[in-house]
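Presented below is the structure to which this report refers.
The values are calculated or read from the model by the stated rules, or taken from the named source; none is laboratory data. No experiment lies behind these values; they were computed from the predicted model shown. Ideal geometry is used to build each Cβ from the backbone, glycine not excepted, and the neighbour counts take in all protein chains shown. Keep in mind that these areas ignore ligands, DNA and RNA; they rest on the heavy atoms of the full protein, side chains included. Shrake-Rupley method; radii C 1.70, N 1.55, O 1.52, S 1.80 Å.
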Amino acid sequence: MERNKGRDILFGLAVGDALGVPVEFRSRKAIALNPVKSMLGHGTHNQPAGTWSDDSSLAFCLAEALTNEFDLKNAAENFVAWMNDSYWTPHGSVFDIGITTRTAINELAMGIRPELAGGFDINSNGNGSLMRILPLILFLKDKPIEERYEWVKKVSSITHAHIRSVIGCFYYTEFALLLLNGSKPNNAYKSLQLTLPVFLLDILEINPAEVTLYDRLLTQDIIQLKEDEIFSSGYVLHTLEASIWCILTTNTYADAVLKAVNLGDDTDTTGCVTGGLAGIVYGYDEIPTEWISVLARKADIQDLANRLNEKHKS
């Protein structure tokens, strides 16, 4: 039976996110004394077990826009509704939001065009667009690469418009699309090393200094790096590298997301970004049932996943 790709993606990212919420901002060293092995409650944000963060909320807001004829304005309106009216929150209130994302959503609320709302400056390169962009791949899957890039750029720019964030989101969605089409993670990684530098540098003519920042993914072998060489801050480059490293160095959904969360620091986002990829690789049925059973609003997520999958069936 054909897998429900919407379900793989949405539950994959939300479970990874929820595993990380209770230990967000804790250092790797502190977590190592008592590693995350299961779905915990309370902790950093004092939320019940199974609570996901703004990462999943905004991914769900994007997914809702993708269940209709996709329009950037609809996604932007959903983001505003989340921040101001608690739309797609796990328990009816927003308990975590990044500064860059808050600033951009305030711009949206004042009527700024979505693709111009996000920060363009070099300090606006947190992981706030990377964490929410994965549902977009179902909309992108049959489009040529140039069009895929343009859509990723627009969707990232709702909150994060700097080229560094756009490249991070584009790498992530291209990697995820290869997984969606059945590639093994290591094959997807090697494939992008052949295609993306050429596309970014020769076709798009992006500043080489920005592309070079992604060398550990584009030209090196990140699998060979030890854990202390992988960073897990809220910087877009760190989150992307950590998630790809976790996927490439594990063999199950559970191992991938636990490895991500136990890296410490921005645990919910590293868990979310890794979890979305792991959901595609291993499928919903490989996510531990005891984690799904406590997930906030799981029936609503299932409904959204069904609508998303139906809209974008191949």
Practice task
Could you tell me whether any residue of the stretch 70-79 is in a loop (DSSP other than H, G, I, E, B), open to solvent by 10 Å² or more (accessible area, probe 1.4 Å) and at pLDDT 95 or above?
Solution key: yes
Exercise for the section: Would you check if there is a residue in the stretch 132-146 being farther than 14 Å from C169 by Cβ, open to solvent by 70 Å² or more (accessible area, probe 1.4 Å) and either in a helix (DSSP H, G or I) or touching a residue at least 12 places away in the same chain (Cβ under 8 Å) (or both)? Expected result: yes
Exercise for the section: Within the stretch 1-55, track down each residue that is open to solvent by less than 40 Å² (accessible area, probe 1.4 Å), under 21 Å from Y235 (Cβ atoms) and not in a helix (DSSP H, G or I). Expected result: E24, S53
Practice task
Could you list all residues from the stretch 132-178 that are of a type in the set (K, R) and in contact with a Pro (Cβ under 9 Å, 6 or more places away or on another chain)?
Solution key: K154
Practice task
Please determine, by comparing only the residues of the stretch 82-101 that are open to solvent by 30 Å² or more (accessible area, probe 1.4 Å), of a type in the set (S, T, N, Q) and not in a loop (DSSP other than H, G, I, E, B), which one is modelled with the highest pLDDT.
Solution key: N84
Fill in the blank from the handout: Exception for F199 within (1) under 19 Å from F60 (Cβ atoms); (2) aromatic (F, W, Y); (3) open to solvent by less than 20 Å² (accessible area, probe 1.4 Å) falls at (1)
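Of the residues A49, A32, A18, A14, which is under 20 Å from A278 (Cβ atoms), in contact (Cβ under 8 Å) with a residue 24 or more places away in the chain and more than 14 Å from the chain's Cα centre (by Cα)?
Working: A32 fails: under 20 Å from A278 (Cβ atoms); A18 fails: more than 14 Å from the chain's Cα centre (by Cα); A14 fails: more than 14 Å from the chain's Cα centre (by Cα).
Only one candidate qualifies: A49.
Test E227 against the stated conditions and say whether it is more than 25 Å from K5 (Cβ to Cβ), touching a residue at least 24 places away in the same chain (Cβ under 8 Å) and open to solvent by 60 Å² or more (accessible area, probe 1.4 Å).
yes
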Practice task
Answer yes or no as to whether N106 is at pLDDT 95 or above, surrounded by fewer than 16 Cβ atoms within 10 Å (Cβ to Cβ) and outside any helix (DSSP H, G or I).
Solution key: no
